[in-house]
Amino acid sequence: LSFQDHVCELLNTIDACQVFFDITVNFDLTKNYLDLVVTYTNLMMLLSRIEERKAIIGLYNYAHEMTHGSSDREYPRLGQMIVDYENPLKKMMEEFVPHGKSLSDALLSLQMVYPRRNLSADQWRNAQLLSLISAPSTMLNPAQSDTMPCEYLSLDAMEKWIVFGFILCHGVLNSDQAALSLWKLALQSSTCLCLFRDEVFHIHKSAEDLFINIRGYNKRVNDIKECKEQALSQAGLMHRERRKFLRSALKELATVLSDQPGLLGPKALFVFMALSFARDEIIWLLRHADNIQKKSTDDFIDKHIAELIFYMEELRAHVRKYGPVMQRYYVQYLSGFDAVVLNELVQNLSVCPEDESIIMSSFVNTMTSLSVKQVEDGDVFDFRGMRLDWFRLQAYTSVSKASLGIADHRELGKMMNTIIFHTKMVDSLVEMLVETSDLSIFCFYSRAFEKMFQQCLELPSQSRHSISFPLLCTHFMSCTHELCPEERHHIGDRSLSLCNMFLDEMAKQARNLITDICTEQCTLSDQLLPKHCAKTISQAVNKKSKKQMGKKGEPEREKPGVESMRKNRLLVTNLDKLHTALSELCFSINYVPNMVIWEHTFTPREYLTSHLEIRFTKSIVGMTMYNQATQEIAKPSELLTSVRAYMTVLQSIENYVQIDITRVFNNVLLQQTQHLDSHGEPTITSLYTNWYLETLLRQVSNGHIAYFPAMKAFVNLPTENELTFNAEEYSDISEMRSLSELLGPYGMKFLSESLMWHISSQVAELKKLVVDNVEILTQMRTSFDKPEHMASLFKKLSSVDSVLKRMTIIGVILSFRSLAQEALRDVLSCHIPFLVSSVEDFKDHIPRETDMKVAMNVYELSSAAGLPCEIDPALVVALSSQKSGHCNNIHCLAKAINQIAAALFTIHKGSIEDRLKEFLALASSSLLKIGQETDKTTTRNRESVYLLLDMIVQESPFLTMDLLESCFPYVLLRNAYHAVYKQSVSSSA
């Protein structure tokens, strides 16, 4: 109500003063007058659209009564206004009758500006609009115009002025042909106008409803109907062609300016014209696409809109980046040219009152005092006072009784408009960008905004411009207003959520493309695996032996690499398409290092990095192809090949985006060396550890698999129930090396710890058996020189077979661990040879007298590098935690006895060497006693047991052959080897 009073008072004052309006002369005064009229009209129309407005003001008055004890004194007027403005335009048409002359004069001044702006794309193209290279000879000349501020004036704003203005002063449409032409041209360009944000005004229907009830306006009603048909049939096509032209024009402009940013000085006007034109077309499309009034929607769907927005953002970035270049140019322009020309104009004025003279002199002095040094020193310029003085001067000189009438001195007005534009190039570049290219309106068209983004991602040629959508979110805060601070949080949150969603979707799309490429590359790498060469070798052999294949023989298999042989350049493979799409999308992700939205910084590349980490983690685990039900798992060598192919593709991403892919590798692969990853999910370390322990080694214990030291592998034994896997393909030296490559030292340490846990459980059972037989064992220890007594004691021992079985299991586990450790040592020797050799040298030169704690630290370091140690630190740790036992793998017993003895005597702080000598004496005595026996049961496998004793000595770092020969004749060993060999030959025969 107060606003209405002030508007009415101001409009009456303007009419009384008979103010002269011409947008080409007193631009600021005319523009603000027309904005005032349109804002007032929009406000009244929005008020009439509030459905519960009467109830709201009634509640307000009731609350006022409760608070202050009386009604608001303005309440009757407010209520009357609500009633009067039920049909706001009809009421305002009556209200504006006295203001018709001023309003029509201001509107008619647009006849030189609006038709020139509202041209078709063909006319723009013929005029080579916005082109810097169409006339190379004038490229360095400053872009000039008599109507500088009108060149980048919003077309949307002008259409609102014309449509609403001529509705309010409709009488002039019947009397002035120029007014009618303007009106009809505006009606043909659009079907709806923006009232406020996403609230629109349907032009033709509302105008028709108003004019149909006015006598003598049938002709105007027919005009409206004709214009509506024209708008529905032609406007969409016209605007689509404009957008098409602007895409190429802005691309050319951005390309030239990126190469020659110095042209931003003389051609700044072109930049802001381009931004304004593009902004108008985008807003028109957004508004009309949401309010389609025709069946065909093709003209309102633009899949290339992202490209236009992208070039706008590129121009905006150039202006922000090279602002000092523009400042330097226009500071010199103002002081060296504008000040001189304005001074001459002032001097030639026939009449110049004192106040006007003072203001103009201050303009000249301000511009003359400028220097390039101020720009170089980083001084902050502020010409707001000068622009406000010019606004005042326009008001002084536009009234009818002014001594110095601006209507008679148009050159002065045009020159000052040009100067004002130049000052804005020095101190208000950011404000100019907001004025000409603000697209914060997208904040209120979220659904259309997201739809445009999805269309952009779906079209490969447009995905390189998808970054324009997150960049648009930086505009949103410019639509907030200091009079409504509550909105800042709501709009800020919306801008953050939309930007986050867009960047996340872009990263997901890139991740999916990379995953598809990785899948293709893994397939190609798989073709090179050794297992696929069998058919090729077979075919080669068959050709050599001239074996003829039948008519329906197998077709010749394509060799790896055939996919790279192209018959012509037009042949495009799926991989080509994926790489093209990825390069386009990565260009967008890499376009800006970061963007700031509502004091939050977004880094697009980090979105891609995080998505790649998650996908790489899932892919590695997925490529193991572990099936818990069938206990199937990929061979380590095959998984390693796939992982390397995957990593090669990821490494190539650095060619597209500036991301640290090594960081991704470190984060993912290091997590895979642990039992669980950062999300608590199982890793390849846990999967392979479980498989080797629960599947392979369990089958060894069941007698289906045997360990062959000569082959350094576990091998399947012929049994009734064939195993689903070939043990050799998972445990030979190449597979163990691949496993070490995948798991790394950390993962292999976890594998060792898991193996040791199983050993410790077996030792715990052995301890129970020892406790059960402790008295007999004590007697045997002191009676090893009494063969008869030893034989009787031995028969009293219980669970002898259980001890043998458990010690064999321990030996099998330790044999597997030795394979794993050897593979780890080989891998580390390739990756870090100098470090491994240093650790090895350190281990080999520990003095015997070194404190055991120090020695154990060295052994632990050595074990982590895969080096064999006299005392196994992992086994020591596993056993110390207990504070409370040839296809049969019997040859593994030697390793078990040595490792267990070393670990146990280390824990219990005994002399390992002395205890093992004692064991050797007991064992040799017992074996010599067996040699004198004649009972077949007692002497069964006697020679094999002799060889086992020899293996124990060979495995042990504490026992020597000299020591063995002193208590056990070597001739028995030689005969035993001969006997075992003869037996193996005969059994194989």
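The values are calculated or read from the model by the stated rules, or taken from the named source; none is laboratory data. Just so it is clear, the model here is predicted, and its values are computed rather than measured. Cβ atoms come from the backbone with ideal geometry, glycine included; neighbour counts cover every protein chain shown. These accessible areas exclude ligands, DNA and RNA; they are computed on the full protein's heavy atoms, side chains included. Shrake-Rupley method; radii C 1.70, N 1.55, O 1.52, S 1.80 Å.
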Looking at Thr630 and the list (1) surrounded by 18 or more Cβ atoms within 10 Å (Cβ to Cβ); (2) not in a helix (DSSP H, G or I), which single condition is not satisfied? (1)
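Yes or no, residue by residue, for (1) at pLDDT below 90; (2) within 30 Å of Ala634 (Cβ to Cβ); (3) hydrophobic (A, V, I, L, M, F, W, C):
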residue: Leu696; (1), (2), (3): yes, yes, yes
residue: Phe708; (1), (2), (3): yes, yes, yes
residue: Ala727; (1), (2), (3): yes, yes, yes
residue: Met756; (1), (2), (3): yes, yes, yes
residue: Lys767; (1), (2), (3): yes, no, no
residue: Met790; (1), (2), (3): yes, no, yes
residue: Phe794; (1), (2), (3): yes, no, yes
residue: Val800; (1), (2), (3): yes, no, yes
residue: Val803; (1), (2), (3): yes, no, yes
Within the stretch 644-665, can one find any residue that is β-branched (Val, Ile, Thr) and in contact with a Gly (Cβ under 8 Å, 6 or more places away or on another chain)? no
Is it true that Arg464 is within 24 Å of the chain's Cα centre (by Cα) and either closer than 22 Å to Leu433 by Cβ or part of a helix (DSSP H, G or I) (or both)? yes
Look at the stretch 323-350 and say how many of its residues are under 22 Å from Thr436 (Cβ atoms) and open to solvent by 50 Å² or more (accessible area, probe 1.4 Å). 4
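Residues are listed down the side, and each one gets a yes or a no for (1) open to solvent by less than 70 Å² (accessible area, probe 1.4 Å); (2) over 13 Å from the mean Cα position of the chain (by Cα); (3) more than 25 Å from Leu529 (Cβ to Cβ):
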| residue | (1), (2), (3) |
| --- | --- |
| Asn594 | no, no, yes |
| Ser619 | yes, yes, no |
| Leu640 | yes, yes, no |
| Thr648 | no, yes, no |
Test Gln671 against the criterion of being of a type outside the set (Ser, Thr, Tyr), assigned to a helix (DSSP H, G or I) and surrounded by 15 or more Cβ atoms within 10 Å (Cβ to Cβ), and give yes or no. yes
When the stretch 521-567 is examined, which residues are found to be open to solvent by less than 80 Å² (accessible area, probe 1.4 Å), modelled with pLDDT of 75 or more and in a loop (DSSP other than H, G, I, E, B)? Leu529, Pro560, Gly561
Residue satisfying condition, being in contact with a helix residue (DSSP H, G or I) (Cβ under 6 Å, 6 or more places away or on another chain) and either surrounded by 19 or more Cβ atoms within 10 Å (Cβ to Cβ) or at pLDDT 90 or above (or both), within set Ser738, Ser701, Ser731: Ser738
Out of (1) modelled with pLDDT under 95; (2) among the aliphatic types (A, V, I, L, M); (3) surrounded by fewer than 21 Cβ atoms within 10 Å (Cβ to Cβ), what's the single condition that is false for Ala157? (1)
For the stretch 1-27: of the residues being buried (at least 20 other Cβ atoms within 10 Å of the Cβ) and part of a helix (DSSP H, G or I), which is nearest to the chain's Cα centre (by Cα)? Phe27
Anything in the stretch 99-138 that is open to solvent by 70 Å² or more (accessible area, probe 1.4 Å), assigned to a helix (DSSP H, G or I) and hydrophobic (A, V, I, L, M, F, W, C)? List them, or say none. Met112
Looking at this structure, is Arg287 under 30 Å from Asn87 (Cα atoms), within 35 Å of the chain's Cα centre (by Cα) and not polar (S, T, N, Q)? yes
Which one is farthest from Ile813 (Cα to Cα) among residues in the stretch 749-765 that are open to solvent by 20 Å² or more (accessible area, probe 1.4 Å) and in contact with a Lys or Arg (Cβ under 8 Å, 6 or more places away or on another chain)? Glu765
I need every pair where a residue in the stretch 423-442 that is open to solvent by 10 Å² or more (accessible area, probe 1.4 Å) and of a type in the set (Phe, Trp, Tyr) has its Cβ under 8 Å from the Cβ of a residue that is at pLDDT below 95 and part of a helix (DSSP H, G or I), sequence separation at least 6 or different chains. none
Got a sec? Which of Ser637, Ser652 is at pLDDT below 95, under 29 Å from Phe587 (Cβ atoms), assigned to a helix (DSSP H, G or I) and of a type outside the set (A, V, I, L, M, F, W, C)? Ser652
Candidate set from the stretch 570-592 (those that are closer than 20 Å to Ala306 by Cβ and not in a helix (DSSP H, G or I)); member that is most open to solvent (accessible area, probe 1.4 Å): Tyr591
Could you tell me which residue of the stretch 451-484 is farthest from Lys303 (Cα to Cα), considering only residues that are of a type in the set (D, E, K, R) and surrounded by fewer than 16 Cβ atoms within 10 Å (Cβ to Cβ)? Glu482
The correct count of residues that are more than 24 Å from Ala121 (Cβ to Cβ) and out of contact with any Phe, Trp or Tyr (no Cβ under 9 Å at 6 or more places or on another chain) in the stretch 166-192 is 5
Given the criterion within 34 Å of the chain's Cα centre (by Cα) and either assigned by the TED database to the domain that holds Leu334 or closer than 20 Å to Val319 by Cβ (or both), identify the matching residue among Leu253, Leu232. Leu253
Which condition number in (1) in a helix (DSSP H, G or I); (2) at negative phi; (3) open to solvent by less than 60 Å² (accessible area, probe 1.4 Å) is the one that Gly744 fails? (2)
Please name all residue pairs, on different chains or six or more residues apart, with Cβ atoms under 7 Å, provided the first residue is in the stretch 65-88 and is open to solvent by less than 80 Å² (accessible area, probe 1.4 Å) and the second residue is among the hydrophobic types (A, V, I, L, M, F, W, C) and assigned to a helix (DSSP H, G or I). Leu78/Ile57; Gly79/Ile57; Ile82/Ile57; Tyr85/Met44; Tyr85/Leu47; Pro88/Met44; Pro88/Met45
The stretch 140-193, subset among the small types (Gly, Ala, Ser) and within 30 Å of Tyr329 (Cα to Cα), residue farthest from the chain's Cα centre (by Cα): Ser145
What is the one condition in (1) crowded, with 17+ Cβ neighbours inside 10 Å; (2) out of contact with any strand residue (DSSP E or B) (no Cβ under 9 Å at 6 or more places or on another chain) that Cys192 does not satisfy? (2)
Somewhere in the stretch 599-608, is a residue assigned to a helix (DSSP H, G or I), open to solvent by less than 40 Å² (accessible area, probe 1.4 Å) and in contact with a Lys or Arg (Cβ under 8 Å, 6 or more places away or on another chain)? yes
Would you list the helices (runs of 4 or more DSSP H) that sit entirely within the stretch 307-421 and hold 1 or more residues that are under 43 Å from the mean Cα position of the chain (by Cα)? 323-333, 372-376, 384-398
State all residues of the stretch 749-772 that are hydrophobic (A, V, I, L, M, F, W, C) and over 14 Å from Val876 (Cβ atoms); if no residue qualifies, say none. Phe750, Leu751, Ala764, Leu766, Leu769, Val770, Val771
